[in-house]
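The block underneath contains the structure these notes are about, expressed in structure tokens.
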Amino acid sequence: MAQQAPNDVICRYLEDAIAAEDTFEKQLRQFAGEVEQPQLRQLFEQHAEETMQQKRMLTDRLQALGGKPSGMKSFMANMFGFGPKAAQMGHDDAEKGTQDLMMAYAVENSEVAMYEALAIAAAAAGDLETERLARSIQDEERSTAQKVWDQLAPCARRSFEKVTGGMSMRQAA
């Protein structure tokens, strides 16, 4: 493989991050529209707004480096981004919140890893501004992952109780 200019590599990482954030913003808005619990709706809506702002900052940085967001990467990310929803087939509507939280938690942690790679590449390239941006967004993603995690157990419990009428396996036997 031919050597690439550091700026080109950083731009490619930024394009990937923008495409990922674009897809996740749409997923979060979908999650917010399908959950029954107001606290989950608020969590998803709030993070969708944060995600939109992150996407804007990433786009600004990419443009400052002479790049522009990739329409193809966004298209592909959006096309494949809703695949995990297929895993919800067979689940009761009462379980959607739990399923959405599970997907959101997985995405948040993958974003933490994505921003780690961007920060390391930016540091290696001597691009301290991009490194700072990546670390800042990474901190937001970690914080959101924790908020999502904190909602998972209570939501799963409520979903189970709603679907089973609160009956345990012993009571059902």
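The values are calculated or read from the model by the stated rules, or taken from the named source; none is laboratory data. This is a predicted model, so every value here is computed, not measured. As a convention, Cβ positions derive from the backbone with ideal geometry for all residues, glycine included, and neighbour counts pool all protein chains shown. Calculation scope for accessible area: heavy atoms of the full protein, side chains included, ligands and nucleic acids excluded. Shrake-Rupley method; radii C 1.70, N 1.55, O 1.52, S 1.80 Å.
Annotations
- Label separation (residue 30 vs residue 146): 2.9 nm, computed from points 7 Å beyond Cα along the C-beta direction.
- Computed accessible area, residue 163, all protein chains, 1.4 angstrom probe, square angstrom: 70
- Between residue 46 and residue 156, the contour length at 0.36 nm per residue exceeds the alpha carbon distance by 37.5 nm.
- Probe 1.4 Å, all protein chains present, accessible-area order of 13, 115, largest first: 13, 115
- Accessible surface ranking for 59, 51, 1.4 angstrom probe, highest first: 59, 51.
- Cβ-Cβ distance of residue 136 and residue 164, R₀ of 45 Å, FRET efficiency by 1/(1 + (r/R0)^6): the value works out to about 0.55.
- Distance between the modelled labels on residue 113 and residue 128, one decimal in nanometres: 3.1 nm (7 Å Cα→Cβ projection).
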